[in-house]
Structure formats: structure tokens, C-alpha cells
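Note sheet for the following structure.
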Amino acid sequence: MKNMGKLDQKPLFWLTTEESEVIFNKFKHLIQFDEPIPGFETRFPGKLEGILDSIKQTFQEEPLNSTVLDAAAAYFNQIIRGHPFQNGNKRLAVLFTHVFLLLHGIDFILSDKDVYNWAVSVAVFSKDLSSEQTKDICKLIIEKFTKEI
């Protein structure tokens, strides 16, 4: 495996429900292009919390998603597959993953529309592929279409 720089580093932090709500409220207006997104408080109880907790899960004090790449792919994949929100899961997966990457010094080189189209593809593929398979696809896309900032 090639050295991927910041993508290969251990995450410095994890998204929390509180941070996700701040991100949601700050940027919601930018991602309502297809249809409105209901308020953060209308999400399905416990789903987002379970997703966020699973991504930062550890075994013997080591994170199971041990790199920024692993964690970013897990956020993207699990928010799409887990449907924690009544509407806008793909758009929120893009938003939360993008903020996570930016906070680790990494940015997408794809347009917002291309990242969203990738999210739509993950949602379609998730019907026929395992979560691990779609996470691996997410890792490939993130690795290929990001840059350090």
C-alpha cells in the first residue's frame, strides 16, 4: 500500500452528535437543492448516535477505523446505508464526511455534484453489496479524489 499522507494517519478526533448538529445547522441551506431536509431533531432516535459510536469503536484501545481514510469511508458508507435521517441521508453523508476530511487537512477534488452522484451510486450498490464492499469502494474514491490542503 502506498503512503497516503494525511489519509493514512490516525484520526485526531471523531464526529459527535453535538458536532453533527452544529454542522447540520450551519450548512443545511447549502444542501437542500433537491428537496428540503427536515430538522436535525426529527432524525430517527438513536440511529445517528449508533453510527457515530460504531465508527470510533476500539478494540484493545486501538480504533477499528484506524486511519482517516477508514473513518471517512465509514462515515460516508454508514450514514447512507443506516438512514439515520428522515430525508437527506446521501447529502448529509457528503456533508459530514467532507467536514471530517477538511478538519484533517484533506479536501475533495471532485465537484459537489460529482460527490453527490457518488453517494447516489453507493445507495444503489448497497442493495447488492455488503457494507464492507461498499466501504471499500468509498475508500478507493476518497483515496483517488482527495488532496491534502
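Where a number appears in this text, it was derived from the coordinates with a stated rule and is not lab data. Please read these numbers as outputs of a predicted model, since none were measured by experiment. Every residue, glycine among them, receives a Cβ derived from its backbone with ideal geometry; neighbour counts consider all protein chains shown.
Observations on the model:
- Tilt relative to the chain, helix 17-27 - C-alpha long axis, 0 to 90 degrees, to 10: 70 degrees
- By the count of other C-beta atoms within 10 Å, a proxy for reagent exposure, THR17, THR97, THR67 are ordered fewest to most as THR17, THR67, THR97.
- Degrees separating the helix 89-103 axis from the principal Cα axis of the chain, which is the longest one: 40 degrees
- Summed residue charge, Cβ within 13 Å of ASN89's Cβ, Lys/Arg positive, Asp/Glu negative: +3
- Loop-located trypsin sites (Lys or Arg not before Pro) across segment 100-149 with a Cβ neighbour count of 10 or fewer within 10 Å are LYS127, with loop assigned by DSSP.
- Residue-count net charge about ASP70 - beta-carbon cut-off 15 Å; Lys, Arg +1, Asp, Glu -1: 0
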